[in-house]
Amino acid sequence: MVSKVFIDGEVGTTGLQIRDRLAGRDDITLISLDDTLRKDLDARVAAFEAADIAILCLPDDAVVDIVTHLGDRDTRLIDASTAHRVNDAWVYGYPELSSDTRARIASAARVSNPGCYSTGSIALLHPLVAGGVIAPDASISIGGVSGYTGGGKALIAEFESGETDGFFAYATGQHHKHIPEIIKYGGLSKRPIFVPAVGNYAQGMIIQIPLPFMEPAQQMRLHDALAHHYDGSQFVKVVAPETYGARVDPRRLNDTNMMELSVHGDVETGCVVLFAVLDNLGKGASGAAVQNLNIMLGLDESVGL
């Protein structure tokens with residue numbers, strides 16, 4: 001069976017990456033609009049109506065607008081924006097979240113694709129909070145660095161033109177758009193501190209969550225809880241800190257849909273840092289969208305990944 005897929009916003013960074021992952025598949029026909037029609041509402045709505053599943057790769061406001069126009073049409077949607085990530089009418093598209101999440105995605109009419117920093121943060125926090133290893137009201141601080149492709153076309157142009165050529169932190173006012181979904185799906189009852197950064201490289205990312213003093217037995221529980229939650233997972237692996245040597249390279253999983261989680265600490269001092277490594281354009285965006293698409297179509301979720 002061949003399914004018809006429309007990517008609304010296929011010329012953006014995420015859209016192009018999704019299209020590349022779907023191109024050449026004989027089980028999918030891509031519906032594409034001529035350049036002159038990509039902003040034509042009637043042409044877009046007709047493309048949605050012709051598609052089995054459509055993927056929204058648009059800014060939040062544009063997503064809300066087109067979803068309103070679509071009304072009760074039965075085209076199934078995957079939203080790559082932030083617009084619906086904490087909306088209970090949409091299934092949150094992190095398949096590894098819980099034992100029933102895949103089934104919910106498979107039957108969903110509306111799926112919201114997670115953010116890149118959110119994916120790594122929730123991947124670490126959810127199993128630990130749900131397993132009682134970290135309290136929901138713990139004081140959590142999240143940091144990390146992503147390649148500049150995570151900022152979309154404008155930031156890519158800044159770096160590739162040489163206008164910006166270094167590392168910088170941003171969203172220091174604590175209103176980053178990923179915070180609400182991290183709270184909700186991480187299982188937190190207390191707002192975390194979150195300071196992301198951009199590095200002078202294209203793609204790949206690290207998320208770091210330092211934890212307060214922990215006894216050796218507690219440190220072991222961190223690793224065990226993560227390993228138990230992701231046992232058998234195809235795309236999320238819990239690895240030993242020795243995997244990385246002295247340096248953790250944010251680019252090590254580039255061009256894959258993989259994510260690695262690890263617990264780094266010192267028994268004597270009790271200092272612990274949780275790490276998540278992934279490709280911000282892979283498991284952090286386009287790869288995740290294709291994984292969700294496969295699940296919604298009843299296919300092996302690794303097809304094309």
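The values are calculated or read from the model by the stated rules, or taken from the named source; none is laboratory data. Bear in mind that the values here come from a model prediction, so they are computed numbers and not experimental data. In this analysis, Cβ positions are derived from the backbone assuming ideal geometry, glycine residues included, and neighbour counts consider all displayed protein chains.
For the stretch 81-105, a tally of residues being hydroxyl-bearing (Ser, Thr, Tyr) and without any contact (Cβ under 8 Å) to a residue 60 or more places away in the chain returns 4. Close contacts from the stretch 106-134, counting a first residue that is within 13 Å of residue 96 (Cβ to Cβ) and in contact (Cβ under 8 Å) with a residue 12 or more places away in the chain and a second that is acidic (Asp, Glu) and not in a helix (DSSP H, G or I), with Cβ to Cβ under 8 Å and a gap of 6+ residues or different chains, come to 123/96.
Taking each residue of the stretch 166-183 that is without any contact (Cβ under 8 Å) to a residue 24 or more places away in the chain and looking for partners that are surrounded by 15 or more Cβ atoms within 10 Å (Cβ to Cβ) and charged (D, E, K, R) with beta-carbon atoms closer than 6 Å, six or more apart or interchain, yields nothing. Of all residues in the stretch 264-290, those that are over 22 Å from residue 143 (Cβ atoms) and acidic (Asp, Glu) total 1. Output the residues belonging to the stretch 142-154 that are under 19 Å from the mean Cα position of the chain (by Cα) and not β-branched (Val, Ile, Thr). Matches in the stretch 142-154: 143, 144, 146, 147, 148, 150, 151, 152, 153. Any chance the stretch 215-223 includes a residue that's at pLDDT 90 or above and within 30 Å of residue 300 (Cβ to Cβ)? The answer is yes; a qualifying residue exists. As a summary of the residue check, residue 165 satisfies the conditions (1) in a loop (DSSP other than H, G, I, E, B); (2) modelled with pLDDT under 95; (3) under 20 Å from residue 257 (Cβ atoms) except for the one numbered (3).
Does residue 242 satisfy being of a type in the set (Asp, Glu) and surrounded by 16 or more Cβ atoms within 10 Å (Cβ to Cβ)? No: the conditions fail for residue 242.
Residues are listed down the side, and each one gets a yes or a no for (1) farther than 28 Å from residue 1 by Cα; (2) basic (Lys, Arg); (3) not assigned by TED's automatic domain parsing to the domain that holds residue 51:
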{"residue": "236", "(1), (2), (3)": "yes, no, yes"}
{"residue": "239", "(1), (2), (3)": "yes, no, yes"}
{"residue": "251", "(1), (2), (3)": "yes, yes, yes"}
{"residue": "256", "(1), (2), (3)": "no, no, yes"}
{"residue": "259", "(1), (2), (3)": "yes, no, yes"}
{"residue": "263", "(1), (2), (3)": "yes, no, yes"}
{"residue": "266", "(1), (2), (3)": "yes, no, yes"}
{"residue": "275", "(1), (2), (3)": "yes, no, yes"}
{"residue": "289", "(1), (2), (3)": "no, no, no"}
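When each of 99, 107 is tested for being modelled with pLDDT of 95 or more and surrounded by fewer than 13 Cβ atoms within 10 Å (Cβ to Cβ), the lone residue that passes is 107.
Selection over the stretch 1-44 of residues that are surrounded by fewer than 13 Cβ atoms within 10 Å (Cβ to Cβ) and basic (Lys, Arg) gives a count of 1. Of the residues screened, residue 70 is not one that is surrounded by 13 or more Cβ atoms within 10 Å (Cβ to Cβ), of a type outside the set (D, E, K, R) and within 20 Å of residue 153 (Cβ to Cβ). One residue alone among 150, 199, 187, 131 is out of contact with any strand residue (DSSP E or B) (no Cβ under 6 Å at 6 or more places or on another chain) and either closer than 21 Å to residue 249 by Cα or of a type in the set (S, T, N, Q) (or both), and that residue is 150.
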